[in-house]
1. Filter region 71-102 down to the residues that are farther than 27 Å from residue 269 by Cα and among the β-branched types (Val, Ile, Thr) and list them by number.
2. Out of 32, 83, report the one residue that is in contact (Cβ under 8 Å) with a residue 60 or more places away in the chain, over 14 Å from the mean Cα position of the chain (by Cα) and surrounded by 16 or more Cβ atoms within 10 Å (Cβ to Cβ).
3. Please specify each residue of region 106-116 satisfying the condition of being of a type outside the set (Ser, Thr, Tyr) and open to solvent by less than 20 Å² (accessible area, probe 1.4 Å).
4. Take residue 121 and tell me if it is open to solvent by 30 Å² or more (accessible area, probe 1.4 Å) and assigned to a loop (DSSP other than H, G, I, E, B).
5. May I ask you to say which residue of 260, 234 is open to solvent by less than 10 Å² (accessible area, probe 1.4 Å), modelled with pLDDT of 95 or more and either touching a Lys or Arg at 6+ places or on another chain (Cβ under 9 Å) or on the phi > 0 side of the Ramachandran plot (or both)?
6. Looking at 177, 172, 142, can you tell me which residue is β-branched (Val, Ile, Thr) and under 30 Å from residue 269 (Cα atoms)?
Amino acid sequence: MSTMAKTCRGIYREPDHSPGRIDDDRAIMDCVGEALTLRGFSVELVEVDAAFDGRCVNLFAMCERGTVLDRLTDAQNAGSVVVNSPNAIRNTYRHRMVELFAKHHVPSPASHVVASNTKGPPPAAAVWIKRYDFHATQPSDVIYIASEAGWHEALDRFARRGIPFIIAQDHVAGDLVKFYGVRSETPLPSANWFEWFYHRDKGMLGHSFEVSHLRKVAFDAAGALGLEVFGGDAVIQENGKPMIIDINAWPSYARYRERAAQAIANHLAERFERRVRIVSRQGVES
């Protein structure tokens, strides 16, 4: 394998997209970089605004901002492997996620795209109001409301921040769980990795459920968006069925960082080396 093929670059998340998680987000990237180094790769980790060019064919990224995703799209179109793909990262923008979940029948709460200057009533008695694009960049990006007065007050907050739309997601009762995953197209079950745990400081009702069902729903949700490295939140309902509340690209994996880093590094190494095999085969065939 050529030196270039064994070179990869990781891009840290934007600090303002890591509210309260800057150190954890950097730590998982650092751990993945170390794991890739042990697998024989030359790894460079850069800040989100660092210049990068097409000379690096292997990229892994935590970033979310549209302008950076445009640059990653250019690199991908030029032949680079990018994990997660820029399109998959854009699909985690909530207005796109809502549409894709509906299209692929991912079980999730009813969600509505609403203009932040609307004067109408809330779509349900209790809803979670979330910014329509990125995941939280500050605590007030996600607000629970259970009254019409609270609804209009929350909408006004978003409007005053210049955020034109919000997602109003119906509240679903149940046990809140967080999950982490690594999804591979390789048919071997061992190529995928999954963990879950209950959220801290949340009241637990103790609904029983099958972890295998939660895993399937989480992987279906990730697949609907095209994500390979992902995490999210689900609610286990009284009937034991999970509903996906949110999913995002490349979480901090804080509780399972070391194990997650190994799983991610294995996946990235396979993705990067697969590209070399494809290019080599095309060269032979031509």
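1. Within region 71-102, 98 is the sole residue that qualifies.
2. Details: 83 fails: over 14 Å from the mean Cα position of the chain (by Cα).
One residue alone meets the criteria, 32.
3. Within region 106-116, the subset of a type outside the set (Ser, Thr, Tyr) is 106-107, 109-110, 112-115.
Selection gives 106, 109.
4. Here the answer is yes, as residue 121 does meet what is asked.
5. Working: 260 fails: either touching a Lys or Arg at 6+ places or on another chain (Cβ under 9 Å) or on the phi > 0 side of the Ramachandran plot (or both).
None of the others qualify; the one that does is 234.
6. After applying the criteria, what remains is 177.
Residues are listed down the side, and each one gets a yes or a no for (1) open to solvent by less than 10 Å² (accessible area, probe 1.4 Å); (2) over 28 Å from residue 233 (Cβ atoms):
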residue	(1), (2)
68	yes, no
71	no, yes
74	no, yes
90	no, no
104	no, no
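Yes/no per residue for (1) part of a loop (DSSP other than H, G, I, E, B); (2) modelled with pLDDT of 95 or more; (3) among the hydrophobic types (A, V, I, L, M, F, W, C):
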position: 177; (1), (2), (3): no, yes, yes
position: 200; (1), (2), (3): yes, no, no
position: 204; (1), (2), (3): yes, no, yes
position: 271; (1), (2), (3): no, no, no
position: 275; (1), (2), (3): no, no, no
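The values are calculated or read from the model by the stated rules, or taken from the named source; none is laboratory data. In this text, all values refer to a predicted model and were calculated from it rather than measured experimentally. Note that each Cβ is placed from the backbone with ideal geometry, even for glycine, and that neighbours are counted across all protein chains shown. All accessible areas refer to the heavy atoms of the entire protein, side chains included, with ligands and DNA or RNA removed. Shrake-Rupley method; radii C 1.70, N 1.55, O 1.52, S 1.80 Å.
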